[in-house]
1. Quick one: count up the residues across the range 151-169 that are exposed (fewer than 13 other Cβ atoms within 10 Å of the Cβ), of a type outside the set (Val, Ile, Thr) and over 15 Å from VAL120 (Cα atoms).
2. In the range 14-23, is there at least one residue being surrounded by 14 or more Cβ atoms within 10 Å (Cβ to Cβ), in contact with a helix residue (DSSP H, G or I) (Cβ under 9 Å, 6 or more places away or on another chain), modelled with pLDDT of 90 or more and assigned to a helix (DSSP H, G or I)?
3. Would the range 186-198 turn up any residue that is open to solvent by 40 Å² or more (accessible area, probe 1.4 Å), in contact (Cβ under 8 Å) with a residue 60 or more places away in the chain and not small (Gly, Ala, Ser)?
4. Identify all residues within the range 499-509 that are more than 21 Å from the chain's Cα centre (by Cα) and open to solvent by 30 Å² or more (accessible area, probe 1.4 Å); write none if there are none.
5. Evaluate the range 461-469: report whether one residue or more is small (Gly, Ala, Ser), closer than 27 Å to LYS527 by Cβ and touching a Cys at 6+ places or on another chain (Cβ under 7 Å).
6. Within the range 535-551, work out how many residues are among the charged types (D, E, K, R) and in a helix (DSSP H, G or I).
7. Filtering the range 257-278 down to residues that are in contact with a strand residue (DSSP E or B) (Cβ under 6 Å, 6 or more places away or on another chain) and farther than 22 Å from CYS437 by Cα, which residue is surrounded by the fewest Cβ atoms within 10 Å (Cβ to Cβ)?
8. Does ASP331 count as of a type in the set (Asp, Glu) and farther than 15 Å from ALA281 by Cα?
Amino acid sequence: MDVNIGSLDSCKAATCNDVGCLPSNGTVSTIQSSAVPFNSAEATLGRHLARRLVQIGVSDVFSVPGDFNLTLLDHLIAEPGLNLVGCCNELNAGYAADGYARARGVGACVVTFTVGGLSVLNAVAGAYSENLPVICIVGGPNSNDYGTNRILHHTIGLPDFSQELRCFQTVTCFQAVVNNLEDAHELIDTAISTALKESKPVYISVSCNLPAIPHPTFSREPVPFSLSPKLSNQMGLEAAVEATVEFLNKAVKPVMVGGPKLRVAKACNAFVELADACGYALAVMPSAKGLVPEHHPHFIGTYWGAVSTAFCAEIVESADAYLFAGPIFNDYSSVGYSLLLKKDKAIIVQPDRVTVGNGPAFGCILMKDFFIALAKRLKRNTTAHENYSRIYVPEGHPLKCQPKEALRVNVLFQHIQKMLTGETAVIAETGDSWFNCQKLKLPQGCGYEFQMQYGSIGWSVGATLGYAQGVPQKRVIACIGDGSFQVTAQDVSTMIRNGQKTIIFLINNGGYTIEVEIHDGPYNVIKNWNYTALVDAIHNGEGNCWTTKVRCEEELIEAIDIATGAKKDCLCFIEVIVHKDDTSKELLEWGSRVSAANGRPPNPQ
């Protein structure tokens, strides 16, 4: 699932729409286009920023208007090829930019100063944790107010305007405060190029009085910026490959496991080619689901310790060598630090570093280059996959429902499985949907996204909006719990307004089920809403939207038939009512282990 931002061959002339796009070697190539007359409406800071967004592959910007960004929004709207998507709140605009970046490789949002910036901050932090290049643009104070003792609205009442900037410094890789036209061009280009190079969010504040002013630096198509290609240290690469070949070729039953940083390393294809060459059993960590094709002949499922898919953990943890590609071992992915792995058996490949066992370690090595070189040297070894094939027993099916029997969650996901094709994508909200969606078998081309590292409940509503906007040719299937939905429900309105055809399964079990299984209490029970009536009220007869409640399998089958048939061009909202204690067995196991990790007593002083 490598994401190329407007791929361009380095030796091929770019068209006007290709300016500033990333070619396969990681550089940005541009060709000077015809000049824009100075003092024209297009030779302004606002239009320069808009053109840059279009050139890197952004065609939709998610925004919430405020008095400090209104002029900037005028100039973004005026740019051909750039669509402004108005959101209900800044948090969802940020989540939408996150989802869009997952679909298109880069996303952008525009909010107003401080009240908007601090609202979007949580979403930007999530994008940072997931290595997503999100360009967060804030309409800032009038340039004349900097350095004065004035107190402005939308602040905490102090004449210091740096509070917002200081908050963003820890969750973005570059911050640009544009309050002077002389260096605006350089700051904007540096911010955007840094986001692409680092695959992290950036912050750009633009003074509210500057977007409409022409300036000589904006009097033509933007002067190209260059992304210097990252290169591996060749001696280090050869040494790392040599050490890894020696380590793996003497193993009896090695395996390979894909991690979430495969995406940021743009090494998904190289990883699969390595699997093709070496024949090792191939698994993924839960946060890497969707990055590795599950139809691969050696794919054995999700490795997630005690809650792995059937027979996967047994093969991985019994291996005498395992290659992990871009892993993140946190308390959630390690099931409360309970993985049965040994460091001396592991080769850990990060985007720019390789560690073999307890050492040695090799830096300045690109993951993609490492896999390509390694594939030429490893001996083919299919032992682990053969062992998996011997012990594998096909999954059983949920017990058949009696007529009008209350719907069970495992039956729901059995039917969701049948909906998946290469033209669909799954968005899984934080909660039991993590575990149920993890068991879905993804057909070739089917997208899959969830936010495991940050785990912010409510993320999926905005992310669904952004992902669906980024790839309108796919039909998104979102699985959202009722507690999470209550956090961010408003932007179903934006989905309807933009003609999206997503299918939302709202799983109504009366509370924060994932937290119940970690630590129960009355705070995990929420007020029940009439969710379909809420969405009907949001719909209000404008746009295409269809809602229904289902309580049994018969009603579910009928709802899915309508959603994929007569209402295939509508946003479909299906409220699924299930028992409050109906959870996956994986959540029960995972919750008890995470609870134990959270509850560890302090170490002796």
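1. 6
2. no
3. Yes, some residue in the range 186-198 is open to solvent by 40 Å² or more (accessible area, probe 1.4 Å), in contact (Cβ under 8 Å) with a residue 60 or more places away in the chain and not small (Gly, Ala, Ser).
4. Within the range 499-509, just GLY499 meets the criteria.
5. In the first step, residues of the range 461-469 are kept if they are small (Gly, Ala, Ser); the result is 462-463, 466, 468.
In the following step, the residues that additionally are closer than 27 Å to LYS527 by Cβ were identified as 462-463.
Cutting the leftovers down to touching a Cys at 6+ places or on another chain (Cβ under 7 Å) gives us none.
So far as the range 461-469 goes, no, none of its residues is small (Gly, Ala, Ser), closer than 27 Å to LYS527 by Cβ and touching a Cys at 6+ places or on another chain (Cβ under 7 Å).
6. 1
7. Among those that are in contact with a strand residue (DSSP E or B) (Cβ under 6 Å, 6 or more places away or on another chain) and farther than 22 Å from CYS437 by Cα, it is ALA275.
8. Working: of a type in the set (Asp, Glu): yes; farther than 15 Å from ALA281 by Cα: yes.
It is true that ASP331 is of a type in the set (Asp, Glu) and farther than 15 Å from ALA281 by Cα.
The values are calculated or read from the model by the stated rules, or taken from the named source; none is laboratory data. Computed from a predicted structure; not experimentally measured. Neighbour counts are summed over all protein chains in view; Cβ atoms, including those assigned to glycine, are modelled from backbone coordinates with ideal geometry. Just the protein is used for accessible areas: all its heavy atoms, side chains included, with ligands, DNA and RNA removed. Shrake-Rupley method; radii C 1.70, N 1.55, O 1.52, S 1.80 Å.
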